[in-house]
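See below for the structure under consideration.
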Amino acid sequence: MKQTFYITTPIYYPSAKLHIGHAYCSVAADTMARYKRLRGYDVYFLTGTDEHGQKIERKAKEQGMTPQQYVDGIVAGILELWELMEITNDDFIRTTEPRHQRVVQQIFRRLYEQGDIYKGQYEGWYCTPCESFWTQSQLHDGNCPDCGRPVERAHEDAYFMRLSQYADWLLDYYNRHPDFIQPESRKNEMIQNFIKPGLEDLCVSRTSFTWGIPVDFDPGHVVYVWVDALSNYISALGYLSDDDSLFQKYWPADIHLVGKEIVRFHTIVWPIMLHALGLAQPKQVYGHGWLALGGARIAKSTGNVVDPVVLVRRYGLDAIRYFLLREMPMGADGDFSNPALLSRINADLANDLGNLLSRTVAMIEKYFDGSLPACGALQQVDDDIRNLAGQTVQQYATLMDSMQFSVALQHVWKLIGELNRYIDLNAPWALAKDESQKERLGTVLYHLAEGLRIVSVLLTPVLCHTPKAIWTQLGVDEGELTGWESLGTFGRLPAGTRVRKGDNLFPRIDIEKELEELKSVLPAPQQPREGGPLKPEIDYEQFSQLDLRLAKVTACEKVPKADKLLKLTLDVGALGSRTVVSGIAAHYTAQQMVGKTVVLVANLKPAKLRGIVSEGMILAATDSAGQLKLVGIDGELADGAGVN
Ligand code: MSP
């Protein structure tokens, strides 16, 4: 029976656009999956999307959609991207699928019933208008980071996972499994920054929004997104379902490949969840670095094309996959820039590899009518090439096993470089002039073709099209001669194989011209859209529920210790006097406000701001530059007059 190999990427947030940094993570996992298949493993490769949470709920609302409609649209784009990048995942799990939700609910219930999850009180800073809890460190100048309004200390019922009681077990587990967290430095970070200072119990439910998996035994609570998301690695395999054969076959995972910022969840929360459930631990969590744009982690475009779709369409999939894996030393951070990408394409792919193939095939056509000559007596230079090829295969295997893709590729390119040097050393064009050197010429060309065959097989996990293009030109059929076992002996390519010159593998790029052209491909800088996107349509009935009234400011003062707030006393005619707290202190002084006629939302539910009950809200317009002007009336009318 084949040995199994289960590898996962993180499940991606459906953010509006995945960039080349996200693509890196999937390409790396895909390369590993392809490599293990090449080595004869029964591979299961999982990826997917992490679709719940307050952010998604908000974004959907901004766009006038249901959260499900919103994520469906984005996930369709992610699926297309992985297809374009030829990611060979065996399954794609979405956390909104019933097969996942059911499992998360059962896990939550099980952990609750056995006491690993308990009900307690979550305490934090609460922003009433946004209905959000914030931690001290999330606040901006002590105010809500979303709306800038004051927050207050509040608590709500919530469920907690007992991480604290597993801290010693976790440390001991790390010690007994030195390869569990890779690279080593990430393990030290976890111990020093999170475990040694003391693990706190984790709040694992929320009640302030609904876009999540409901806790089925306590309506109103939804499961914390990370508990939901991490469970994908087993829900996708059918854990706790009617058919758990995949789970039985593939769990524990061999590798969870994740970005460095989420190693924490995968090496603290996830192992504790699994341990509490009585399940085996993944064999390894590998924390890769970030692909940066001139030092800053890629977030949005700043002068380089970072849209993987544009890059693949322009330079071909293989060039992009090669660049990502060659340029990022696994585990460390790498830098993305258009010039670096273009020079790698020219130097490594077009020159080193492309020229080696075209020269080799051209010479076999020219000197041997396209029929691969037999190998004759060997000289030292030939042995050197054979030895290097053998060593390269071995080093490559060791490096690929530990996911050192960049170094593995460096070794392959060393062999390519030596094959190019071998051409110069042996000067086949000179040998061709001397009929007595025909056998020697044949031996040289044979070594080049066979060297290229070995290179092409080693490239199959990384490049999707190039190896096949090489085989077509070398006359190699896919099968025995393109499998891993064929790399064991130098000389498998049969003499007499018909070669056929084809197109250049990678056309050379005029870098200066290309960089100039790329400028027009870059997305135009985003103009701030005044007012933001249009809110969902409402009917007159809904509009008429707003009770707007004219009100005169009769008194006004600053709210102590709140830079942005003024407390207004308003005369609203028949409604009498009202107190309203308004965030306009940066734009109007208290003195300027007295005597002004403003528009009041009179039937807004009162809210407490800095201990003052605010009975409504006054209207103001703001622009994208942050300017604010009060909404007033054209002339004079009685206080309390209705506005509609
Ligand atoms: N949804 C969580 C993961 C849950 S897994 C149970 C998440 N999603 S994410 O979309 O923000 O990130 C997915 C992966 O992409 C992460 O591993 C992250 O590190 C990786 N990358 C995002 N930007 C990246 C770069 N600029 N460079 C390299 N990897 C990047 O986190």
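The values are calculated or read from the model by the stated rules, or taken from the named source; none is laboratory data. This one's a predicted model, so the numbers in the text were calculated from it and none came from an experiment. Virtual Cβ from ideal backbone geometry, glycine too; neighbours counted across all protein chains shown. Side chains are part of the model used for accessible areas, which takes the heavy atoms of the whole protein and leaves out ligands, DNA and RNA. Shrake-Rupley method; radii C 1.70, N 1.55, O 1.52, S 1.80 Å.
Below is a table of values for the structure above.
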{"quantity": "Net charge over other residues, Cβ less than 14 angstrom from the Cβ of Thr569 (K, R count +1; D, E count -1)", "calculated": "+1"}
{"quantity": "Crossing angle, helix 167-176 versus the chain [Cα axis fit, 0-90 degrees, rounded to tens]", "calculated": "10"}
{"quantity": "Relative contact order (%) - the chain, alpha-carbon pairs under 8 angstrom, separation at least six", "calculated": "13"}
{"quantity": "Stretchable slack from Arg109 to Lys558, in nm (0.36 nm times residue separation minus alpha-carbon distance)", "calculated": "156.7 nm"}
{"quantity": "D_trans [Stokes-Einstein, Kirkwood Rh over alpha-carbon pairs] for the chain, 25 °C, 0.890 mPa s, µm² s⁻¹", "calculated": "84"}
{"quantity": "Probe 1.4 Å, accessible area per residue of the chain, Å²", "calculated": "47"}
{"quantity": "Beta bridges per DSSP with both ends in the chain, % antiparallel, nearest 5", "calculated": "70"}
{"quantity": "Cα gyration tensor, segment 114-270 - rounded (a/c under 1.5), prolate or oblate", "calculated": "oblate"}
{"quantity": "Reachable aspartates and glutamates, given that their alpha-carbon falls under 19 Å from the alpha-carbon of Lys468 and they are not under 8 places away in the same chain", "calculated": "Asp30, Glu83, Glu86, Asp318, Asp348, Asp352, Glu450, Asp477, Glu478, Glu480, Glu485, Asp503"}
{"quantity": "Arg421 accessible area, assembled protein chains, probe 1.4 Å, Å²", "calculated": "120"}
{"quantity": "Mean Cβ count within 10 Å, highest first, over the residues of peptides 492-502, 239-249, 268-278", "calculated": "268-278, 492-502, 239-249"}
{"quantity": "Viscosity 1.002 mPa s, temperature 20 °C, Stokes-Einstein D of segment 404-484 from Kirkwood C-alpha radius, µm²/s", "calculated": "154"}
{"quantity": "Hydrodynamic radius of segment 454-571 per Kirkwood, over alpha carbon pairs, in Å", "calculated": "23.2"}
{"quantity": "Equivalent ellipsoid dimensions for segment 219-328 as semi-axes, Å, which come from the Cα gyration tensor, largest first", "calculated": "34, 18, 15"}
{"quantity": "Cα-based helix-to-principal-axis angle, 20-38 vs the chain, degrees rounded to 10", "calculated": "40"}
{"quantity": "Rg [Å, one decimal], Dmax [Å, integer] - segment 364-513, C-alpha atoms", "calculated": "15.7, 49"}
{"quantity": "Pairwise label distance in nanometres, Ala427 with Ser343, each label 7 Å out on the Cα-Cβ vector", "calculated": "3.3"}
{"quantity": "Solvent-accessible surface (1.4 angstrom probe) belonging to Val310, in square angstrom, nearest 10", "calculated": "50"}
{"quantity": "Cβ-placed point charges (K, R +1; D, E -1), dipole of segment 4-288 about Cα centre in debye, nearest 20", "calculated": "500"}
{"quantity": "C-alpha long axis of helix 380-401 to longest principal axis of the chain, angle in °", "calculated": "30"}
{"quantity": "Sites Ser436 and Thr489, calculated FRET efficiency, Cβ-Cβ separation with R0 30 Å, nearest 0.05", "calculated": "0.50"}
{"quantity": "Arg39 accessible area, 1.4 Å probe, all protein chains in place, Å² to nearest 10", "calculated": "90"}
{"quantity": "Calculated P(r) of segment 540-630 - Cα pairs past 16 Å, %", "calculated": "53"}
{"quantity": "Rg(Cα) / (2.2 N^0.38 Å) computed for segment 579-644, rounded to two decimals", "calculated": "1.17"}
{"quantity": "Nearest-20 debye value, the chain charge dipole, Cβ charges on Lys, Arg, Asp, Glu", "calculated": "720"}
{"quantity": "Over segment 540-630, relative contact order from alpha-carbon pairs under 8 Å, at least 6 apart, %", "calculated": "27"}
{"quantity": "Protein accessible area in the chain, 1.4 Å probe - carbon and sulfur %", "calculated": "49"}
{"quantity": "nm² value of the averaged projected area, convex hull over the Cα atoms of segment 96-171", "calculated": "7.5"}
{"quantity": "Approximate spin-label separation Glu152-Asp42, in nm, with each point projected 7 Å along Cα-to-Cβ", "calculated": "6.1"}
{"quantity": "Exposed GluC sites (Glu not before Pro) absent - longest run of the chain, DSSP non-H/G/I/E/B, at most 12 other C-beta within 10 Å", "calculated": "201-477"}
{"quantity": "Radius of gyration, Dmax [segment 4-288; alpha carbons; angstrom]", "calculated": "19.1, 60"}
{"quantity": "Gain upon complete extension [Asn175, Glu516; 0.36 nm per residue less C-alpha separation]", "calculated": "117.4 nm"}
{"quantity": "Lysine pairs meeting the criterion (Cα under 23 Å, 8 or more apart or interchain), as found in segment 540-630", "calculated": "21"}
{"quantity": "Projected area averaged over orientations for segment 1-108, convex hull of C-alpha atoms, nm²", "calculated": "8.0"}
